[in-house]
Amino acid sequence: MLPYPLDELAAVFEDFHITRYVSVAGLVALLYDHALTLDEEVEYVWPAKNNIPKFLFMFMRYVVPVFLLVYNISLSGFVILINSLSACKGWIAFGLVLGWVTVTLSNFIVLLRLYTVIGRQPKLVLWTFTYFILLQAAALGVVAWTLVKLMAIAAFDTVLGICYFTKRGNFLGLWVVGLALDPVIFAVAVWNTIDRPRNLTADQEVTRLLYRDGTVYFVLLISLRVTNTVISMVAPSPLLFVAIFATWSGTTITTSHLIINSRKAAHKTRVREHTAHLHMQAMDQEVLASACTSQGTASIALGQKHSRASQ
């Protein structure tokens, strides 16, 4: 028995193809950007000291492309990765949980970069971090609730070899929680810029880069989440996943640029400061040498004067 009536099957397959093409486009954009920024990642991120932000960045940087690659291979039909209802449910559960984990890590990394900009403001840091933890806990609860609902309506068609839902799934909560976080964090960054425009941090170049890339990050992510919110409310069931993987790719790309560019700016600042320090040392040595030369000349002149006086 087909999962959809014959008169709807053509439209359903068209929706599946749209989802496939958008997912492939997201993967291609992610891999292309990864290739373009790999040399800078190796130069500026890999040598950095091993800490939690670095490990989180590397996890997000490589796990997301691998998952999207496997997902698109499964959509291609060349390799059968999902051939049963249990595999279908496992894939859905793994994808949703991994999506929540990587997006949470991305938000956390951006939050840490923001803390380097706002400086020593413990109350603001405590308030934003508490807000972040509460929202991510709420997001995890929404993911769990969504999974329970999806597992009840998930099905697998052995003839067509596709996973589908017997009823329309509800993904609205997945995006609403994210929309509650991004504007607040962005508002904090804007407020800090207005409140302290001339004393943001000791490194103005890093600050400018963080604000530039951070603005791109928030504008892109909010736009994608609004798009997914609208899709979750109005799209038919086969199109519910059409923009999820594009959002995933966009989040990973912008976060990677934010981290790599900030590392690059910090490296340039250290090189500039080291060069300035060496220049100051050279100037000090020149002054010292000049002083020694002057002192030696004066001593010689004084000696000659005493010699003439004794004669």
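Is it the case that some residue within segment 73-90 is closer than 20 Å to residue 243 by Cβ and modelled with pLDDT of 90 or more? No: zero hits. State whether one or more residues within segment 185-205 are surrounded by fewer than 17 Cβ atoms within 10 Å (Cβ to Cβ), modelled with pLDDT of 80 or more and either under 19 Å from the mean Cα position of the chain (by Cα) or aliphatic (A, V, I, L, M) (or both). Checked against the condition, which is being surrounded by fewer than 17 Cβ atoms within 10 Å (Cβ to Cβ), modelled with pLDDT of 80 or more and either under 19 Å from the mean Cα position of the chain (by Cα) or aliphatic (A, V, I, L, M) (or both), segment 185-205 yields no hits at all.
Suppose we filter 22, 101 for residues that are among the β-branched types (Val, Ile, Thr), modelled with pLDDT of 85 or more and under 19 Å from the mean Cα position of the chain (by Cα); which single one remains? Even if it seems obvious, please write down each step before you answer.
Numbers: 22 fails: under 19 Å from the mean Cα position of the chain (by Cα).
Only one candidate qualifies: 101.
Within segment 54-86, being more than 29 Å from the chain's Cα centre (by Cα) and in a helix (DSSP H, G or I) holds for 85, 86. Residue count for segment 167-181, restricted to those that are surrounded by fewer than 17 Cβ atoms within 10 Å (Cβ to Cβ), of a type outside the set (D, E, K, R) and not in a helix (DSSP H, G or I): 1. If I filter segment 86-94 for residues that are closer than 28 Å to residue 173 by Cα, free of Cβ contacts under 8 Å to residues at least 60 places away in the same chain and of a type in the set (D, E, K, R), do I get at least one hit? For segment 86-94, residues closer than 28 Å to residue 173 by Cα, free of Cβ contacts under 8 Å to residues at least 60 places away in the same chain and of a type in the set (D, E, K, R): absent.
Quick one: is residue 164 surrounded by 13 or more Cβ atoms within 10 Å (Cβ to Cβ) and in a strand (DSSP E or B)? Criteria met by residue 164. For residue 144, the requirement of being buried (at least 16 other Cβ atoms within 10 Å of the Cβ), modelled with pLDDT of 85 or more and over 18 Å from the mean Cα position of the chain (by Cα) is not met.
For residue 123, the conditions (1) of a type outside the set (Ser, Thr, Tyr); (2) assigned to a helix (DSSP H, G or I); (3) out of contact with any Ser or Thr (no Cβ under 7 Å at 6 or more places or on another chain); (4) closer than 28 Å to residue 21 by Cα all hold with the exception of (4). With respect to residue 139, determine if the residue is without any contact (Cβ under 8 Å) to a residue 60 or more places away in the chain, among the aliphatic types (A, V, I, L, M), in a helix (DSSP H, G or I) and surrounded by fewer than 15 Cβ atoms within 10 Å (Cβ to Cβ). For residue 139, the condition - without any contact (Cβ under 8 Å) to a residue 60 or more places away in the chain, among the aliphatic types (A, V, I, L, M), in a helix (DSSP H, G or I) and surrounded by fewer than 15 Cβ atoms within 10 Å (Cβ to Cβ) - is not met. Can you confirm whether residue 232 is at pLDDT 75 or above, exposed (fewer than 15 other Cβ atoms within 10 Å of the Cβ) and part of a helix (DSSP H, G or I)? No: the conditions fail for residue 232. For residue 177, the conditions (1) more than 20 Å from the chain's Cα centre (by Cα); (2) over 18 Å from residue 94 (Cα atoms) are fulfilled apart from (1).
Being modelled with pLDDT of 85 or more and either within 21 Å of the chain's Cα centre (by Cα) or within 30 Å of residue 235 (Cβ to Cβ) (or both) is true for just one of 35, 48. Which residue is that?
Values: 48 fails: modelled with pLDDT of 85 or more.
The conditions single out 35.
The values are calculated or read from the model by the stated rules, or taken from the named source; none is laboratory data. Keep in mind the model is a prediction, meaning the values are calculated, not measured. No Cβ is skipped: glycine too gets one built from the backbone with ideal geometry, and neighbour counts run over all protein chains shown.
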